[in-house]
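Student: Quick one: this structure, given as structure tokens, is what I'll be asking you about.
Each reported figure results from applying straightforward, stated rules to the coordinates on display, with no laboratory input. This one's a predicted model, so the numbers in the text were calculated from it and none came from an experiment. Note that we place each Cβ from the backbone using ideal geometry, even for glycine, and neighbour counts take in every protein chain shown.
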Amino acid sequence: MTKPNRVSSGKGKTYGEIKARASEGNAMVMTAMEFKKFVKANGVKKAAKEVDIVTTGTFGAMCSSGAYFNLGHSDPPIKIQRAWMDGVPAYAGIAAVDLYLGATELDESNNMMHGGAHVIEDLVRGRAVRLKATARSTDCYPLKEIDTYVSLKTMNQAVMMNVRNCYQNYGAASNSSGKTLYTYMGKLLPELGNATYSSAGELSPLLNDPYYRTIGIGTRIFLGGGEGFVAWEGTQFNPGVARTPRGVPKRPAGSLAVIGDLNQMSSDFVKGLTFTRYGTSLGVGMGVPIPILDEDMASACAVTDDKIFTAIFDYSQQRRSRPVLKEVSYAELNSGEVSIKGKRVPTSPLSSQYKAMEITKILKKRILDGSFAVTEPVQRLPLDKSLKTLDVRSEKEAMK
């Protein structure tokens with residue numbers, strides 16, 4: 001894994017120079033939308049020289065999300081083995097009173113309409129949730145069960161820990177079969193009746209930094225309304241996909257594992273979601289500041305929706321590699337319809353462009369007023385990862 005890029009002041013700007021300007025109140029900060037307009041009017045060279053930081057943002061369903069909690073010890077103490085938060089199972093195999101609640105875990109009694117994502121939103125809203133837990137009695141943890149209420153105010157720690165967020169591009173979905181499909185991409189109507197997609201496109205963080213030059217481990221981010229950090233590469237990290245000449249991936253590529261204090265967050269940017277006949281997910285708002293170190297970074301941040309492409313996959317094919325119906329730009333998807341096999345197909349986003357733009361503006365304001373500090377990654381994300389698959393294999397085959 002290579003070290004973060006360091007650009008000398010003769011060729012561009014260093015992190016130190018940019019941070020010094022920000023701390024003095026002299027930094028030029030633009031939202032992603034403002035920056036793209038500036039480049040169009042003035043060119044990349046001028047933009048690289050005059051602009052210090054570009055704020056990016058995204059808001060959408062991020063299934064691989066959740067939160068861990070330390071509940072504090074009861075009297076007498078309990079070593080929790082099974083736990084439910086408002087009827088949703090939480091994982092207890094960490095320590096006596098540590099739990100992890102996954103966003104897609106479903107309420108055992110409510111049939112797909114209520115899950116961990118909704119419990120997390122309720123906690124962020126300041127509500128108390130019912131905790132039920134059972135355990136085996138031991139000499140040091142004699143209590144066998146507990147039924148109580150907990151809130152963020154009663155816990156020692158409540159931390160959002162998401163293992164795959166902020167996907168760098170994502171495939172769109174349609175359905176060529178004769179029946180309606182209910183998926184994590186929403187309701188897909190039969191015979192190419194619609195197409196759905198989920199990305200903020202030109203506002204999205206990793207599409208503005210396609211080779212992860214400034215977004216890496218240790219990057220401070222806007223997370224759920226508060227602050228968080230990039231903790232690691234996200235699961236299913238797959239940077240080796242086909243890219244445009246500008247380096248923008250044309251298929252799902254990088255992703256981020258992120259962490260942040262749930263106490264800082266807002267229900268404006270943490271939302272429990274339900275997908276009909278599929279299950280639950282968590283709507284998460286994320287924003288990342290991108291330092292404009294040099295002309296290459298300025299050129300990357302100048303990318304627009306007409307230069308970002310993805311594939312529309314046929315979800316009627318129930319196999320790992322779904323066939324591609326068409327490759328389209330985000331400008332086409334955002335237009336409201338695309339043509340697939342000669343048919344005009346309406347399109348609809350699952351992510352919120354409005355929320356993404358709001359995040360870029362909030363992040364810009366925080367940087368300018370000094371309440372948000374831009375950080376240099378302590379380690380870059382890898383460029384040489386590739387996806388492995390889960391197949392039926394013998395023990396010997398699994399060891400190869």
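Student: Kindly express, to the nearest 10 degrees and within the range 0 to 90, the angle between helix 15-24's C-alpha long axis and the longest C-alpha principal axis of the chain.
Tutor: Here the helix axis deviates by roughly 80 degrees.
Student: How high is the relative contact order of the stretch 72-155, in percent, counting Cα pairs under 8 Å that sit 6 or more residues apart?
Tutor: 31 percent
Student: Taking a spot 7 Å from the Cα of LYS49 along the direction of its beta carbon, which residues of the stretch 275-317 have an amide N less than 13 Å from it?
Tutor: Output list for this probe position: 295.
Student: While we're on this one: With each label point set 7 Å from Cα along the Cα-Cβ vector, what nm distance links ARG127 and ASN156?
Tutor: Here the answer is 2.7 nm between the modelled labels.
Student: If you take the charge dipole of the stretch 1-121 about its Cα centre, with +1 on Lys and Arg Cβ and -1 on Asp and Glu Cβ, which of SER65, THR104, ILE53 is farthest toward its positive end?
Tutor: ILE53
Student: In nm, to one decimal, how far is the modelled label at GLU145 from the one at SER321, with both set 7 Å along Cα→Cβ?
Tutor: Modelled inter-label distance: 5.2 nm.
Student: Could you pull out every residue, at least 5 positions away or on a different chain, whose amide H is within less than 5 Å of the one on TRP232? Hs are placed 1.01 Å off N in the peptide plane, and Pro or chain starts have none.
Tutor: ALA257
Student: Follow-up question, since we're still on this one. Please list the non-local residues whose amide H lies under 5 Å from the amide H of ILE292, H modeled 1.01 Å from N, same-chain partners needing a gap of 5 or more.
Tutor: Residues meeting the criterion, in which the H sits 1.01 Å from N, are ILE53, VAL54.
Student: Further question: Taking the Cα centre of the chain as origin and charging only Cβ (+1 Lys, Arg; -1 Asp, Glu), how large is the dipole, in debye to the nearest 20?
Tutor: Roughly 1020 debye, rounded to the nearest 20.
Student: Ok, one more. Taking Cα centroids, how far is the stretch 39-115 from the stretch 273-313 in Å?
Tutor: 18 Å
Student: By a straight-distance test (C-alpha under 18 Å), which aspartates and glutamates pair with LYS361 as possible cross-link partners, with residues fewer than eight away in the same chain excluded?
Tutor: Qualifying aspartates and glutamates at Cα under 18 Å: GLU34, ASP52, GLU202, GLU227, ASP268, ASP369.
Student: Here is a further query. Shape of the stretch 78-144 from its Cα gyration tensor (a ≥ b ≥ c, root eigenvalues): rounded if a/c is under 1.5, otherwise prolate when a/b > b/c, or oblate?
Tutor: prolate
Student: Here's something else I'd like to know. Compute the signed sum of charges (Lys and Arg +1, Asp and Glu -1) over the other residues within less than 12 Å, Cβ to Cβ, of ILE215.
Tutor: Overall, the nearby charge balance is 0.
Student: Something else: Of the labelled options (1) 36, 29, 20; (2) 57, 27, 14; (3) 55, 38, 20, which one gives semi-axes √(5λ) of the Cα gyration tensor in Å as computed for this structure?
Tutor: (1)
Student: I need the phi-derived Karplus couplings for the stretch 258-267: 6.51 cos²θ - 1.76 cosθ + 1.60, θ = phi - 60°, integer Hz, Gly and Pro marked x.
Tutor: 10, 9, x, 6, 4, 5, 7, 8, 10, 5
Student: Using Cα pairs closer than 8 Å and at least 6 residues apart in sequence, work out the relative contact order for the stretch 1-130, in percent.
Tutor: Relative contact order here is 16 percent.
Student: Got the relative contact order for the chain handy, in percent, Cα pairs under 8 Å and 6 or more residues apart?
Tutor: Relative CO of the chain lands at 24 percent.
Student: Helix 353-368 versus the longest principal axis of the chain: what is the Cα-based angle in degrees, 0 to 90, to the nearest 10?
Tutor: Roughly 80 degrees, rounded to the nearest 10.
Student: For the stretch 84-220, what is the percent of antiparallel DSSP beta bridges, rounded to the nearest 5?
Tutor: Roughly 100 percent of the beta bridges in the stretch 84-220 run antiparallel, per DSSP.
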